[in-house]
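The values are calculated or read from the model by the stated rules, or taken from the named source; none is laboratory data. Being a predicted model, the structure only gives us computed values, none of them experimental. Don't worry about glycine lacking a Cβ; one is built from the backbone with ideal geometry, like all the others, and counts go over all protein chains shown. Accessible surface is based on the protein model in full, side chains and every heavy atom, while ligands, DNA and RNA are left aside. Shrake-Rupley method; radii C 1.70, N 1.55, O 1.52, S 1.80 Å.
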Amino acid sequence: MPTLLLTGFEPFHTHPVNPSAEAARTLDGLEVGGVRVQSALLPVEPGAAAGTLFGLLMRHQPGAVLLTGLAAGRPQVTLERVAVNVMDFRIPDNAGQTYRDAPACADAGAPAALLSTLPLRPILAAWRGANIPGDISNTAGLYVCNFVMYHALHHLTQEGRAHVPCGFLHVPANPEVALAVPEDRPALSYLPQSEITRAVRVAVEVLAGSLK
């Protein structure tokens, strides 16, 4: 049975939970249209995230890859169109490190940017049909989310598997994240965790259907 690799991230910064992790855990093992979801969590640190990601890609040889992470402050789920070969961290990662104007990938000839190969418009249409607020984003940021999207696409290309649909989905805060905002900051927009998980599941269903 073909595998769809679904990743979320561990909690980071001041966030007590990561809703992408909650969705990935809930959907682990789901079978949709003859495709099985294999979920995993990635560390919020570039070197460790890359090592974990490459291990998952080599071990499972997935037919599709859906990476997910938290974009606290966004009011809706968003599909990322592009990953760029830059790291510039506004906050430290979970190892306490920051990067400024650093390459995400130092391989010779690594492109400046890589485009998502997910079926972006069909997923967006499915969200709208399911009354899920969503859109396509033209920036995945310059943090670890962008880093893993870039490396997943680059790795698949280097392995001769550029045909494998791969990309990134950002989710908004859930109530736990929104309520943990310090008092001197504005309240975050959020969606219930059940709606975040439903949005990821709808994306999984569209992606699984595109593999037929």
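Details
- In the range 30-42 there is at least one residue that is touching a residue at least 60 places away in the same chain (Cβ under 8 Å), open to solvent by less than 10 Å² (accessible area, probe 1.4 Å), over 12 Å from the mean Cα position of the chain (by Cα) and more than 20 Å from Leu142 (Cα to Cα).
- Within the range 142-184, the residues that satisfy the criterion of being small (Gly, Ala, Ser) and under 20 Å from Ile196 (Cα atoms) are Gly167, Ala173, Ala178, Ala180.
- Matching residues in the range 79-92 - criterion: being of a type outside the set (Lys, Arg) and either open to solvent by 10 Å² or more (accessible area, probe 1.4 Å) or assigned to a helix (DSSP H, G or I) (or both): Val82, Val84, Asn85, Val86, Met87, Asp88, Ile91, Pro92
- Search result, residues across the range 1-29 that are open to solvent by less than 50 Å² (accessible area, probe 1.4 Å) and farther than 30 Å from Lys212 by Cβ: Phe12, His15, Val17, Asn18
- Residue match in the range 175-187 (condition: aliphatic (A, V, I, L, M), open to solvent by less than 30 Å² (accessible area, probe 1.4 Å) and at pLDDT 95 or above): no
- Enumeration of residues in the range 43-70 that are among the β-branched types (Val, Ile, Thr), more than 20 Å from Asn174 (Cα to Cα) and open to solvent by less than 10 Å² (accessible area, probe 1.4 Å): Val65
- Condition met for Ile136 (exposed (fewer than 15 other Cβ atoms within 10 Å of the Cβ), under 20 Å from Ser210 (Cβ atoms) and in contact (Cβ under 8 Å) with a residue 40 or more places away in the chain): yes
- Thr117 within 22 Å of Gln38 (Cβ to Cβ), open to solvent by 20 Å² or more (accessible area, probe 1.4 Å) and part of a helix (DSSP H, G or I): no
- Hits in the range 162-188 - residues which are within 19 Å of the chain's Cα centre (by Cα) and part of a loop (DSSP other than H, G, I, E, B): Ala162, His163, Val164, Pro165, Pro172, Asn174
- In the range 157-169, the residues that are open to solvent by less than 10 Å² (accessible area, probe 1.4 Å) and either in contact with a Ser or Thr (Cβ under 6 Å, 6 or more places away or on another chain) or among the aromatic types (Phe, Trp, Tyr) (or both): Cys166, Gly167, Phe168, Leu169
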